Amino acid sequence: MARVLILGGGTAGLVAGRYLKAEADRLGIDVDVTMVTASERHYMPPLFMEVALGSASAEETWAPIKNAEKVYGFKVEVDRVTDIDLANRQVKTEGGKTYDYDYLFLGLGVKYVWDKYKGMSEYGHHNYTLEGALELHKALSEFKGGKIVIYVPEAPHRCGIYPFEMSLNLRSYFEHRGIENVEITVVHPGEAPAKSLNKTVSRFFEREMEKARAEFVHHDGHVEITPDKVVTKNAEFDYDLLIKVPPIAIPDIMAFMADDKDPRWAKVIGPDFRYPDYDEVYIVSEASMPPLGLLTAGVPLHNASIVAATSILHRIHGGYPVAEYAPTMCLGHGYNTGFAGNCEYEWAGSKYERHCYLLVKSPLVRLMKDSFYRGWLDSLRL
């Protein structure tokens, strides 16, 4: 019997677990699939923005990960990993358990490095955790007008379109509250909104932000944040409310797996997301996407998990077709509308090359996006 151990109960871990179990059962392969995750909750982080804006409750953002046992059939252990011993193929946990494996799937996400930049830990609000979203909701509900700065110190970050979506949603939010005297500025290291995707997607955000009276400003590097000002190398921005986007890096438990060139990310090789030092180890998280030229968001992680899972099945069963990295459809909010974009990928030897383009613009896309998030979680609710 092949033993597959999945660390992490987020998007990557859940997709890998349910795919591995379903296909192993279908093919009659004897595979033990076990997930170890520190949280009893499987979160849908994009809904944290909805919590901040008052359009979702905290309870709507998560479902019990233990339910995956009944829904998808693989084992789920809620425990915190304390040691990963790749040489001996063992993982140890806070609860005192030791897990042996034949294949290890690491879906542990990233850590937020708030103290990387001066003032980021002390000042501002965010919605990158549920607790942060609830605090931001309180700050927004008490805001009566003034200057809002959405500050991105570096890229890539989790969900590349978030700052621009948030600026547009904030304008709608304040209009519905009857508050007009709000200046919204996105301060970002990029040259234009969502420029890394494609000029058609970038143009969509430029036009939507113009209609929403939300300004985009490029910055050349961080200097500091004070109680009322963001200072960058090329400009200073006064604010009455600061919304900040966290720098990200590889989790501490995986620090020994960091890339030599950029220690923010994991050392990983493609096209199937293997760790180069141990062939039976796969890393699928935002920490492994940038080195392979991929985007740090949920749908790209979903696709990466399928590639890695099929690679594992291929090696267990022999002859199972390893999936190509599929086109990635991105749904996003506009100013009272929405957009669907698509990215196509091709393996170029050391990285994936992508070609992205805008598919459609429609208010219905907002409904599609929000329905997807809620439906995903509903599948885990019994």
Practice task
Return the distance in nm (one decimal) between the two label points of a simple spin-label model at E210 and I269, each offset 7 Å from Cα along Cα→Cβ.
Solution key: 4.8
Handout entry: Lys/Arg +1, Asp/Glu -1 at C-beta; the chain dipole; positive extreme among P290, L358, W265
Key = L358
Exercise for the section: Taking every pair of Cα atoms in segment 3-108, average 1/r, invert it to obtain the Kirkwood radius, and report Rg/Rh to two decimals. Expected result: 1.03
Completion exercise
Its Cα gyration tensor gives segment 125-179 an equivalent ellipsoid whose semi-axes in whole Å, largest first, are 20, 14, 10
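So how strong a dipole does the chain carry about its Cα centre when Lys and Arg Cβ are +1 and Asp and Glu Cβ are -1, to the nearest 20 debye? Kindly include the intermediate steps, with their values, before the conclusion.
Values: 42 positive and 52 negative charges, 134 e Å.
Computed charge dipole of the chain: roughly 640 debye.
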Problem - Whole-Å distance, taken between Cα centres, linking segment 298-371 and segment 96-126 - result: 23
Problem - In nm, spacing of pseudo-spin labels at I179 and M368 (7 Å Cα→C-beta vector) - result: 3.2
Practice task
Give the span of segment 276-382's Cα atoms along each principal axis, as three whole-Å numbers ordered largest to smallest.
Solution key: 48, 40, 25
Problem - Most fluctuating residue given options S288, S167, S196, as computed from a GNM of the chain linking Cα atoms under 10 Å - result: S196
Exercise for the section: Would you work out which of G146, S57, Y128 lies farthest towards the positive end of the dipole of the chain? Charges go on Cβ: Lys and Arg +1, Asp and Glu -1. Expected result: S57
Practice task
Can you tell me the order of 31-37, 354-360, 304-310 when each peptide is scored by its average per-residue count of other Cβ atoms within 10 angstrom, highest first?
Solution key: 304-310, 31-37, 354-360
Practice task
Using only Cα atoms, locate the centre of segment 2-64 and the centre of segment 134-201, then give the distance between them in Å, rounded to an integer.
Solution key: 29
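Students sometimes get this wrong: rank K97, K369, K21, K144 by accessible area, probe 1.4 Å, all chains present, largest first.
On the way: K97 95, K369 15, K21 45, K144 145 Å².
I get K144, K97, K21, K369, largest accessible area first.
Report the relative contact order of segment 62-207, percent, no decimals, based on alpha-carbon pairs under 8 angstrom and at least 6 residues apart.
Values: 121 pairs, mean separation 19.4, N = 146.
This gives 13 percent for segment 62-207.
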Exercise for the section: Write out the cysteines belonging to the chain for which the nearest other cysteine Cβ is not under 4.7 Å, or none if no such cysteine exists. Expected result: C159, C330
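If you add up the charges near V149, with Lys and Arg at +1 and Asp and Glu at -1, over every other residue whose beta carbon is less than 14 angstrom from its beta carbon, what do you get?
Cβ neighbours under 14 Å give a net charge of -4.
Can you tell me which of 102-108, 258-264 comes out highest on packing, and rank the rest after it, using the mean Cβ neighbours within 10 Å? List each step's numbers first, then the result.
Details: 102-108: 25.1, 258-264: 13.3.
Descending mean neighbour count gives 102-108, 258-264.
Which whole-number percent gives the relative contact order of segment 128-202, counting Cα pairs below 8 Å spaced six or more residues apart? Kindly include the intermediate steps, with their values, before the conclusion.
Values: 60 pairs, mean separation 28.4, N = 75.
Computed over segment 128-202, the figure is 38 percent.
Output the relative contact order of segment 18-135, whole-number percent, from Cα pairs under 8 angstrom with separation of 6+ residues. Write out the running numbers ahead of the final one.
On the way: 137 pairs, mean separation 30.0, N = 118.
For segment 18-135, the relative contact order is 25 percent.
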Fill in the blank from the handout: Lys and Arg at +1, Asp and Glu at -1: neighbours of E59 with Cβ under 15 Å from its Cβ sum to -2
Exercise for the section: Can you tell me how much longer the chain between V360 and A58 gets when fully stretched, taken as 0.36 nm per residue apart minus their C-alpha distance, in nm with one decimal? Expected result: 105.7 nm
Handout entry: Correct choice for Cα Rg over 2.2 N^0.38 Å that was computed from the model, options (1) 1.12; (2) 1.31; (3) 1.00
Key = (3)
Practice task
Could you please tell me the mean projected area of the C-alpha convex hull for segment 149-302, averaged over all directions and given in square nanometres to one decimal?
Solution key: 11.0
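The values are calculated or read from the model by the stated rules, or taken from the named source; none is laboratory data. It should be emphasised that the depicted structure is a prediction, and the values quoted were computed from it without experimental measurement. Here Cβ is always computed from backbone atoms with ideal geometry, including for glycine, and neighbour counts include all displayed protein chains. For accessibility, only protein heavy atoms count, side chains too; no ligands or nucleic acids. Shrake-Rupley method; radii C 1.70, N 1.55, O 1.52, S 1.80 Å.
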